[in-house]
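The values are calculated or read from the model by the stated rules, or taken from the named source; none is laboratory data. Note that the structure is predicted; figures quoted are calculated from it, not measured. When we count neighbours, we look across all protein chains shown, and the Cβ atoms used for this are built from the backbone with ideal geometry, even at glycine.
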Amino acid sequence: MRVLSSPPSVTAEGKLQWGSVLGLLFLLATACAASAEEWYTVERWVGRGPRETWSFHIPSEEWRVSWKTRWGEYGPGPFRVYVYRSGVAHPISVVAVRFGEDSGEGLLHGAGHYHLGIETAQPYEISVQAEGE
């Protein structure tokens, strides 16, 4: 069984020719790297304890909130992150409701001005990323 091969190539007829599974993995890795470049960080917060963030502007239709939390000095506790559109009193989305150590991401839609509400006593890292640029 041949495992190592060069990346896939295109024949004279325009057909994709696979050398091995490694060729497929090469294409997948290339596609993932390209999609990773499509996001950029709008804002980032590192802290501990509850807070409301300052307002930030999202210029793209698709954006995401990535978060990571770990146990606080008194052990595990609740961790919640709410998304508010500027000028609206109630949250438009909840991107995290966890207890203890965890991480995740919430995908949102709609350009505009937003802020986050963070409820926790645990340490956290939160970033907001927009599509494009």
Scanning the stretch 106-123 for residues that are within 18 Å of the chain's Cα centre (by Cα) and touching a residue at least 60 places away in the same chain (Cβ under 8 Å), which turns out nearest to Thr69 (Cα to Cα)?
Ile118
Any residue in the stretch 81-90 that is surrounded by fewer than 18 Cβ atoms within 10 Å (Cβ to Cβ) and β-branched (Val, Ile, Thr)?
yes
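Conditions (1) within 18 Å of the chain's Cα centre (by Cα); (2) over 10 Å from Thr69 (Cβ atoms); (3) assigned to a strand (DSSP E or B); (4) not charged (D, E, K, R), marked per residue:
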site	(1), (2), (3), (4)
Val81	yes, no, yes, yes
Gly87	no, yes, no, yes
His90	no, yes, no, yes
Val95	yes, yes, yes, yes
Arg98	yes, no, yes, no
Gly104	yes, no, yes, yes
Glu125	yes, no, yes, no
Looking at the stretch 39-57, which of the residues that are among the β-branched types (Val, Ile, Thr) and in contact with an Asp or Glu (Cβ under 9 Å, 6 or more places away or on another chain) is nearest to Leu108 (Cα to Cα)?
Thr53
Checking the condition loosely packed, with under 12 Cβ neighbours inside 10 Å, farther than 28 Å from Ala89 by Cα and at pLDDT below 50, which residue from Leu28, Leu24 passes?
Leu28
